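Data first, discussion second: the structure below is written as structure tokens.
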Amino acid sequence: MLHVDAAPRLADLTTLRLGGACVARIRFSPGEADAVPALVTRLGGRPVPFGGGSNILAVGGEENATLLCPVCAQSPQIAGTDADGHVLARVDAGMRLSRLLAWCAHSGLSGLEGLAGVPGLVGGAIAGNAGSFGSDMAGVLRRVSVFSAEQGALDFPVEEVRAGYRHFSIPALERNAPETGKAWHVITHALFAFKPLAPGSVMANMRAAVRRKLQSQPVRAHSAGCVFKNPGSVSAGKLLEEAGFRGKRLGGMAFSAVHANFLVNAGGGTPEQALELVQQARETVLRVHGVELQPEVRIWDS
């Protein structure tokens, strides 16, 4: 299953459909991770863990990056129950989030219904602590397994990670990282705890979440999701709308007319247009509201 793709284009791999060619993409199952460091050394490029490309704004030309892409080797595996009666499930990081949610609905397992309609892979959702409508990945996470270039396969219970609003980190890896700057790690799989619930109820909750998203988000557009984090209790979308950015367009890029915090590629958009529009939004909101918006989307600039 280990496979190397030469010079993949980020425009083909990201939901915003922007970005130039990378050095390579390495696709591997959790059991093949040991072979990846040697491949990275041979291929060159900056090793970058990469999921479904749903939270990336690539604004450079060619990227000096080698994408590390865990793939799904098996369906979720039931691993028993905990003391509170939650069902434990082991899930590969390379599984599509939509597939995990479909499995949860079929199996009658609750905890992630709010994420229905969110794109991307399980590993990327953990790394960004994806959340929606009261659900987030940290809320069901019990253990995360990673492969470290320096230390090999490692497991961390949820008590040893830090997770918050669109944030996830493993302090032990940060403390032990060498000063060379060449260390990297990638999530390979995770253990989740779900609450048993009637399958029909789980599915109904997911459908309700999707209906809400269809009414308030550009779900079917080429989008990177929310561009900015909500500053405290204030909605970034509300600040952007009041600053005149709902539906604002520059060439082929635009802030959505449905939700002002979603940047979309309306067709033929360029990285330059995207970056200029994002910068205009930050400067205007700072001037109008006195609030400095922080990016939620990962901005890649070679």
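The values are calculated or read from the model by the stated rules, or taken from the named source; none is laboratory data. What you see is a predicted model, and the numbers here were worked out from it, not measured in a lab. Every residue, glycine among them, receives a Cβ derived from its backbone with ideal geometry; neighbour counts consider all protein chains shown. Accessible surface is based on the protein model in full, side chains and every heavy atom, while ligands, DNA and RNA are left aside. Shrake-Rupley method; radii C 1.70, N 1.55, O 1.52, S 1.80 Å.
Quick notes on this structure:
- Computed lengthening from residue 287 to residue 204, 0.36 nm per intervening residue step minus Cα-Cα distance: 25.6 nm
- Using a Förster distance of 22 Å, the FRET efficiency for residue 64-residue 5 (Cβ separation, nearest 0.05): 0.85
- Dipole size of region 189-302 about its Cα centre, with +1 on Lys/Arg Cβ and -1 on Asp/Glu Cβ: approximately 620 debye, rounded to the nearest 20.
- Inter-label distance for residue 211 and residue 35, nm, one decimal - labels placed 7 Å from Cα along Cα-to-Cβ: 4.8
- The calculated FRET efficiency for the pair residue 219 and residue 266, based on their C-beta separation and a Förster distance of 22 Å, comes to about 0.90.
- Couplings for region 235-242, taken from phi via the Karplus curve 6.51 cos²θ - 1.76 cosθ + 1.60 with θ = phi - 60°, read 7, 4, x, 5, 4, 5, 5, 5 Hz in order; Gly and Pro are left as x.
- Region 150-225 and region 73-104 have Cα centres lying 13 Å from one another.
- Among 204, 278, 217 the positive-end extreme of the charge dipole of region 168-302 (Cβ point charges): 204
- Segment residue 99-residue 299, length gained on full extension (0.36 nm per residue, minus Cα span): 69.3 nm
- Residue with peak Gaussian network fluctuation, the chain [Cα springs, cutoff 10 Å], from 21, 260, 172: 172
- Lys/Arg +1, Asp/Glu -1 at C-beta; region 1-62 dipole; positive extreme among 40, 26, 57: 57
- Helices in the chain, meaning DSSP H runs of at least 4 residues, each add -39500 (n - 2.57). Divided by all residues, the mean residue ellipticity at 222 nm is -7500 deg cm²/dmol.
- Taking the average, over residues, of other Cβ atoms within 10 Å as the packing measure, peptides 75-83, 9-17, 188-196 rank 188-196, 9-17, 75-83 from highest down.
- Charged-residue dipole, Cβ positions (Lys, Arg, Asp, Glu), the chain about Cα centre, Debye nearest 20: 860
- Solvent-accessible area, 1.4 Å probe, carbon plus sulfur percent, for region 1-129: 51
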